[in-house]
1. Which of the residues that make up the range 64-90 are among the hydrophobic types (A, V, I, L, M, F, W, C), under 22 Å from V249 (Cβ atoms) and crowded, with 21+ Cβ neighbours inside 10 Å?
2. For the range 113-152, which positions are farther than 19 Å from S100 by Cβ, at pLDDT 95 or above and part of a loop (DSSP other than H, G, I, E, B)?
3. Quick one: what pairs do we get from the range 131-151, first residue free of Cβ contacts under 8 Å to residues at least 12 places away in the same chain, second loosely packed, with under 15 Cβ neighbours inside 10 Å and part of a helix (DSSP H, G or I), C-beta under 8 Å, 6+ apart or different chains?
4. Failed condition for S95, given (1) of a type in the set (G, A, S); (2) farther than 21 Å from I193 by Cα; (3) not in a loop (DSSP other than H, G, I, E, B), with all others met?
5. From the list R114, R150, R186, R103, which one is farther than 23 Å from L248 by Cβ and among the charged types (D, E, K, R)?
6. Does A36 meet the test of being closer than 27 Å to V107 by Cβ, modelled with pLDDT of 85 or more, touching a Lys or Arg at 6+ places or on another chain (Cβ under 7 Å) and among the aliphatic types (A, V, I, L, M)?
7. Filter the range 211-246 for residues that are over 25 Å from S95 (Cα atoms) and either touching a Cys at 6+ places or on another chain (Cβ under 9 Å) or part of a helix (DSSP H, G or I) (or both) and give the result.
8. Go through the residues of the range 25-38 one by one and say whether even a single one is within 16 Å of L71 (Cβ to Cβ) and among the hydrophobic types (A, V, I, L, M, F, W, C).
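The values are calculated or read from the model by the stated rules, or taken from the named source; none is laboratory data. Everything numeric in this text was worked out from a predicted model, so none of it was measured. No Cβ is skipped: glycine too gets one built from the backbone with ideal geometry, and neighbour counts run over all protein chains shown.
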Amino acid sequence: MNQLKYYWRLALAAPFIPLMYYQARRIRTAMPDLKAPTDSYKNGAVEDFHILSLGESSIASIGVDSQQHGLTGYLSNMIERQIKEQVSYEVVARSGYKASNVRTELVPQIQSSRADLILIGLGANDSFQISQPREWRKNLSAILDHLKERFGDVPVVFINTPPITEFPIFTSVLKYFVNRQLLLLRDELMTLIDEYDHAYFIAHFLTAIGFIEKYKLEDKQISHFYSDGVHPSQLTYRLWAKEIFEFLVSSKLLK
């Protein structure tokens, strides 16, 4: 069903593809070249609670200077306080990577010998590059199967998909069509999750407006939640980690 929707939506988008290509090139040229933090490992004792984070730029913490100020770093601190144990982590992620890149290039680079929690953040680049739902599903299935074989029935949590309609730097045309593609891949992910007892998806939508309302941040604007108009700011990573932590607690995935 999602594959048929994909072809239909691609046909509807066809007249706008040259315009979107032009706009995307202009945006890429205007965006600063943000580097990922280099501190992708927090080593500890063998008995530490260990997080493995895998995916694209949101997992790589593009937009901040350290993983401690990114998604995995903030989350690890919250988990430490919750379980009263030390938390170590490994972040294996690259900006611009699709699920296929993660499957073929990043999964073989994982060094962790064990994991207590696996985070996966994907969807933005597969939406920008118009990945087919069946290819998206095939790659996600391969990633999940590998992780299960290597780490057993460790909880695998797919984090929230990015709020593309809110990206300050995107044009209205890009927001509309890329978001429709994202929603299609999101639906495919939700059906895939049902096939794996140990896999989860944080399905509620994540937005700067939602953060402002929930945490009463009247002094903040949407631009404060993005480092370059697309990638999260340190504020966003901190609040996003809190959302993930709340999901872990409510789903009883922590002690």
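1. Our first condition is that a residue be among the hydrophobic types (A, V, I, L, M, F, W, C); within the range 64-90, this holds for 64, 71, 75, 78-79, 83, 87.
Among the residues that remain, those that are also under 22 Å from V249 (Cβ atoms) are: 71, 75, 78-79, 83, 87.
Answer for the range 64-90, where residues must be among the hydrophobic types (A, V, I, L, M, F, W, C), under 22 Å from V249 (Cβ atoms) and crowded, with 21+ Cβ neighbours inside 10 Å: L71, L75, I79, V87.
2. A115, D116, G152
3. Close Cβ pairs satisfying both conditions: none exist.
4. Status for S95: all satisfied but (3).
5. On the way: R114 fails: farther than 23 Å from L248 by Cβ; R150 fails: farther than 23 Å from L248 by Cβ; R186 fails: farther than 23 Å from L248 by Cβ.
That would be R103, the only listed residue that is farther than 23 Å from L248 by Cβ and among the charged types (D, E, K, R).
6. Working: closer than 27 Å to V107 by Cβ: yes; modelled with pLDDT of 85 or more: yes; touching a Lys or Arg at 6+ places or on another chain (Cβ under 7 Å): no; among the aliphatic types (A, V, I, L, M): yes.
Against the criterion (closer than 27 Å to V107 by Cβ, modelled with pLDDT of 85 or more, touching a Lys or Arg at 6+ places or on another chain (Cβ under 7 Å) and among the aliphatic types (A, V, I, L, M)), A36 does not qualify.
7. Residues satisfying the conditions are I212, E213, K214, E246.
8. The answer is yes; a qualifying residue exists.
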